[in-house]
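The values are calculated or read from the model by the stated rules, or taken from the named source; none is laboratory data. If you're wondering where the values come from, they're calculated on a predicted model, not measured in any experiment. So basically every Cβ, Gly included, is an ideal-geometry build from the backbone, and we count neighbours across all protein chains shown.
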């Protein structure tokens, strides 16, 4: 029982982390990124290569891949998203355009990963030592993943809510039309937000790869789960994403443990459906 | 019915007769190509039937397509073929109703997200069912069909799809639809039951897509979830409909024919890099339309009216 709670929190912590990235991208840059999960998977494979070929510790890989995720997303925004933002007559048009372009991006990233690594499962063994937590045994890598998720997620919350930089980003999320009146460069804020989202996808990928197997085609599932967490928590709400991420991780782990591991996605969908019917604006969303 | 529509019908009729005779004259390989093309023309037209006027982007084409194919795989030995098709259509319809009822009254983005994962959900659930309940993974379809038989069925379905699309465009229902596409709020205030119309259209569109999957299923002989729930199908349908223009009756056809031939060639020439090329091509198509896909659709509508 307690074992499942711990495992659920580990999984949920990772979900919360990546969903925070997606909710920042959607809330501030107004871009619905369907290629998000594939960026996570790309980071998983990058960590895998760094660990198995160059013997680089995943914690060190984090220092390489998180800035890389930031730079790559920044470039994607400049090259692909900027023209779309510039030409979109309204928010609805941008939403449709960004969904379509990132759907194309999904196939490109997935195609590259398939060409490089093939379609099989990949994993590596890192810090696979049992640790005793409150009377149950948990793998060290899972515990480390939870600690990392909490630390990085917490740092992100502090940055967003306690710094001037974060306030600028939140202002753009809240009132994109009024923000320029206060001297805020909304375009730059959107690009920064998109890049931060990419950096968090990379973080999620590194953390996830420490304790889970992954395939080149698994991106869709991660995007889906991150999207559900974002909606569950309320669009653009960071605290909502954290609570909903942990909740989803727990639901998934308990369904896998007590019902059937093959039905976790169905359970996730069931949660999504119930929420859509009961609270379409999310747990923390405003009407 | 004026002279122009009459001419249009006569031309379309001749084209259909010619297309129906084609397999008797050309090789089996080209019949196969025609078959695949007709399949995609039908998929793209059915997709545009719903997504064109409502502007809800459905990413779930393959969920319905796969369900159709899988229904045939499961039932082909226990029932006569027409009944199997009927069952497939029924299952597709029920699934569309469930998805539509839970998402179509909300903002469009919820629908997109829901359909985005639907194929994966159905694929995993079917796999789970097969492994844990029926203890079979992968099924065989033994139906006495050659390529041309399947092709004729698809051609008939394509004709029906076009007729439905044409009839909706001319009816009172189509008028409501135009109002809905222009401005949903205004349409709702003018007494259009927005959700009901969206739902009805989604069910019609999805049922046709399910039938395309069901009819094409015998082509594979061997079927398993990873084959029939291939996300590339959703993706290709979307590109074709968008390239041709989802708002016009012939738009999806115009997009589907050249893209299908291109994809056929690409998948043979670059089997390992197919999805990369496909993705880049798709991004290019979205970009080449200078004022965004929605505005492009609007332009096409204005051009189509004058």
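Miscellaneous remarks
- Note on region B:288-297: among residues that are within 10 Å of chain A (Cβ to nearest Cβ) and surrounded by fewer than 16 Cβ atoms within 10 Å (Cβ to Cβ), the one that is modelled with the lowest pLDDT is B:291.
- All conditions but one from (1) more than 11 Å from every other protein chain (Cβ to nearest Cβ); (2) within 21 Å of residue B:110 (Cα to Cα); (3) surrounded by fewer than 24 Cβ atoms within 10 Å (Cβ to Cβ) apply to residue A:168; the one that does not is (2).
- Odd one out for residue B:246, checked against (1) at pLDDT below 80; (2) more than 10 Å from every other protein chain (Cβ to nearest Cβ); (3) part of a helix (DSSP H, G or I); (4) in contact with a helix residue (DSSP H, G or I) (Cβ under 6 Å, 6 or more places away or on another chain): (3)
- In a residue-by-residue description of region B:102-123, the property of being touching a helix residue (DSSP H, G or I) at 6+ places or on another chain (Cβ under 8 Å), more than 30 Å from residue A:236 (Cβ to Cβ), without any contact (Cβ under 8 Å) to a residue 12 or more places away in the chain and at the interface with chain A (Cβ under 9 Å from one of its Cβ atoms) applies to no position.
- When restricted to residues that are under 26 Å from residue A:155 (Cβ atoms) and either facing chain B (nearest Cβ under 10 Å) or within 14 Å of the chain's Cα centre (by Cα) (or both), region A:244-271 contains 5.
- Region A:3-39, residues that are assigned to a loop (DSSP other than H, G, I, E, B) and either within 8 Å of the chain's Cα centre (by Cα) or more than 14 Å from chain B (Cβ to nearest Cβ) (or both): A:29
- Residue ID - farthest from residue B:280 (Cα to Cα), chosen from residues in region A:89-102 that are touching a residue at least 40 places away in the same chain (Cβ under 8 Å) and more than 7 Å from chain B (Cβ to nearest Cβ): A:91
- Of all residues in region B:30-40, none are without any contact (Cβ under 8 Å) to a residue 40 or more places away in the chain and more than 22 Å from residue B:262 (Cα to Cα).
- Flag for residue B:12 being surrounded by fewer than 21 Cβ atoms within 10 Å (Cβ to Cβ) and modelled with pLDDT under 85: yes
- Across region A:171-183, the qualifying residues are those that are in contact (Cβ under 8 Å) with a residue 60 or more places away in the chain and under 22 Å from the mean Cα position of the chain (by Cα), and the one among them that is surrounded by the fewest Cβ atoms within 10 Å (Cβ to Cβ) is A:173.
- Test result for residue A:230, surrounded by 21 or more Cβ atoms within 10 Å (Cβ to Cβ), within 14 Å of chain B (Cβ to nearest Cβ) and out of contact with any strand residue (DSSP E or B) (no Cβ under 9 Å at 6 or more places or on another chain): yes
- A residue that is assigned to a loop (DSSP other than H, G, I, E, B) and modelled with pLDDT of 85 or more occurs nowhere in region A:257-272.
- Some residue of region A:205-222 being surrounded by fewer than 20 Cβ atoms within 10 Å (Cβ to Cβ), more than 14 Å from every other protein chain (Cβ to nearest Cβ), at pLDDT 85 or above and over 15 Å from residue A:14 (Cβ atoms): no
- For region A:117-137, the criterion of being within 14 Å of another protein chain (Cβ to nearest Cβ), in a helix (DSSP H, G or I) and over 18 Å from the mean Cα position of the chain (by Cα) is met by at least one residue.
- Exactly one residue out of A:186, A:163 is without any contact (Cβ under 8 Å) to a residue 12 or more places away in the chain, more than 19 Å from the chain's Cα centre (by Cα) and farther than 15 Å from residue A:17 by Cα, and it is A:163.
- Some residue of region A:18-39 being under 25 Å from residue B:235 (Cα atoms) and either surrounded by fewer than 20 Cβ atoms within 10 Å (Cβ to Cβ) or without any contact (Cβ under 8 Å) to a residue 12 or more places away in the chain (or both): no
- Subset of region B:249-282 (residues that are at the interface with chain A (Cβ under 9 Å from one of its Cβ atoms), in a helix (DSSP H, G or I) and surrounded by fewer than 20 Cβ atoms within 10 Å (Cβ to Cβ)): B:274, B:276, B:277, B:280, B:281
- Members of region B:203-243 found to be within 14 Å of chain A (Cβ to nearest Cβ) and more than 19 Å from residue B:267 (Cβ to Cβ), listed by number: B:225, B:241, B:242
- From the list B:6, B:43, B:85, the lone residue that is assigned to a helix (DSSP H, G or I) and free of Cβ contacts under 8 Å to residues at least 60 places away in the same chain is B:6.
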